[in-house]
Amino acid sequence: MSQLDSLNPSAIPAQDEALRQEVRAFLTEAMRGVPGHVRARSWMGYDPAFSRELGRRGWLGITFPPAYGGAGRSAFARYVLVEEFLNFGAPVGSHWIADRQSGPLLLKYGTEAQRQRYLPSICRGEAFYCIGMSEPGAGSDLASVRTRAVPNESGWLLNGQKIWTTNAHNCHFMIALVRTSGEPIDRHKGLSQVIVDLSLPGVTVRPITDQSGDSHFCEVFFENVQLGPDALVGDEGGGWEQVTAELAFERSGPERLYSSIALFDEWLAYVRTPQGRTPQAQRLAGKILSQLAPLRAMSVAITEKLTRGESPVVEAALVKDLGTGVEQLIPAAIADDLFSRLDTGVCADVPAELLNTLNYITQVAPSYSLRGGTRDILRGMIARGLGLR
């Protein structure tokens with residue numbers, strides 16, 4: 001028996017599913033008139049005012065205990081919220097990381113003082129976090145990170161560099177995986193996590209422009225950054241266990257299924273018109289939906305594990321890997337469908353916004369199988385979960 005044998009079908013409880021209609025009503029108004037190519041940027045979308053409004057409605061940190069500003073709801077309630085945010089293409093990038101993984105990480109491993117200090121502002125949509133994992137020369141091989149935090153009389157002195165740090169230029173804090181003892185050759189030993197206030201002296205953030213023209217990814221440099229003694233999250237040297245638990249939150253949610261959903265919706269709207277409907281397009285729609293449905297069921301089953309306090313690292317890796325495949329299939333297949341119409345002359349009737357959205361998704365889709373863990377790394381984890389390594 002392998003770890004994956006326990007990934008059984010689950011259903012979202014009625015009390016959490018009931019949240020969906022309220023969220024849809026809000027998003028229908030909030031997103032009215034927003035074009036597809038903008039909605040396609042959903043979890044990269046930076047809109048602090050929108051995040052604060054979600055906080056005011058109690059929709060951020062919804063799983064956090066009330067003592068820290070949350071609602072004490074289950075992971076299923078958050079699943080409903082996130083699924084609707086993504087399907088509407090809401091700009092959630094400001095609070096995304098804090099709500100999804102930084103807050104839960106602090107709940108599980110942080111001190112009481114850290115929880116009291118950091119979690120309420122996350123719930124209000126006022127504090128934004130980024131992930132300090134990848135480094136130049138390390139990439140998805142997190143065990144080889146070189147950024148180092150050395151203890152001193154004032155706390156920890158931080159030096160090093162992180163890369164591909166989403167929205168770092170718009171964030172207040174980073175939770176960084178660093179080496180606090182040993183050398184990179186020691187692999188998992190000596191790794192720890194620290195909270196870094198990105199406004200501190202010695203921190204430099206440089207956005208990286210991608211091929212779509214956006215600048216979400218950043219490189220972050222630390223030069224003699226003095227952190228306080230309370231910057232350490234969890235146990236010194238316990239960073240590997242903590243970061244793998246954090247990655248289960250990152251890889252298990254619906255965001256690993258719906259990165260191309262704005263494009264799919266734009267294309268479906270076209271296919272439903274007389275000029276857009278063809279037998280080939282209808283078959284393609286069925287092909288995509290038949291892959292999304294079981295992946296969503298798997299994602300919901302992982303959420304069930306999270307509600308029980310488990311850390312489904314291998315299961316989340318499986319869903320992320322398979323979900324990425326569908327996310328990258330959508331722009332490629334839709335492009336094939338649209339350009340196959342050239343011979344018939346129907347392509348002239350394709351809406352400009354559909355083509356704009358296709359252009360954007362096509363440019364960013366290659367990153368889907370890099371962010372959150374490359375395919376090679378994920379498949380190695382899956383192989384171990386199946387007992388094959």
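The values are calculated or read from the model by the stated rules, or taken from the named source; none is laboratory data. Small disclaimer: the values here were computed from a predicted structure and weren't measured. Backbone-built Cβ (ideal geometry, glycine too); neighbour counts: all protein chains shown. The accessibility values were calculated without ligands, DNA or RNA, using every heavy atom of the protein model including side chains. Shrake-Rupley method; radii C 1.70, N 1.55, O 1.52, S 1.80 Å.
The lysines within cross-link reach of Lys320, meaning a Cα-to-Cα straight distance under 21 Å and a gap of 8 or more places when in the same chain, are Lys287, Lys305. Relative to its Kirkwood radius, the Cα radius of gyration of region 257-352 gives an Rg/Rh of 1.12. Think of a 1.4 Å ball rolled over the protein heavy atoms: region 209-281 then has 38 Å² of accessible area per residue. Excluding ligands, DNA and RNA, the accessible surface per residue across region 297-389 is 42 Å² with a 1.4 Å probe. Its Cα centre serving as origin, the chain has a Cβ charge dipole (Lys and Arg +1, Asp and Glu -1) of approximately 460 debye. Placing unit charges on the Cβ atoms of the charged side chains and taking the dipole of the chain about its Cα centre, the candidate lying farthest along the positive direction among Gln226, Pro366, Ser181 is Pro366. Couplings 3J(HN,Hα) for region 362-370, derived from phi with the Karplus relation 6.51 cos²θ - 1.76 cosθ + 1.60 (θ = phi - 60°), are 4, 6, 9, 4, x, 6, 4, 8, 10 Hz, where x marks Gly and Pro. Sequence-ordered 3J(HN,Hα) estimates for region 89-101 from the Karplus curve with 6.51, -1.76 and 1.60 and θ = phi - 60° stand at x, 5, x, 9, x, 4, 9, 3, 5, 4, 6, 7, 9 Hz, glycine and proline given as x.
Calculated mean residue ellipticity at 222 nm for the chain: -13500 deg cm²/dmol, from DSSP H runs with n ≥ 4 weighted as -39500 (n - 2.57), summed, divided by the residue count and rounded to 500. In the context of the full set of protein chains, residues of region 62-118 present 29 Å² of accessible surface per residue (probe radius 1.4 Å, heavy atoms only).
Counting protein heavy atoms only, the chain has 54 percent of its accessible area on carbon and sulfur, 1.4 angstrom probe.
In this structure, the amide hydrogen of Glu135, modeled 1.01 Å from its nitrogen in the peptide plane, lies closer than 5 angstrom to those of Ile163, counting only residues at least 5 positions away or on a different chain. Result for the chain in a Gaussian network model with C-alpha springs under 10 Å: among Ser260, Ser74, Ser134, the largest mean-square fluctuation is at Ser74.
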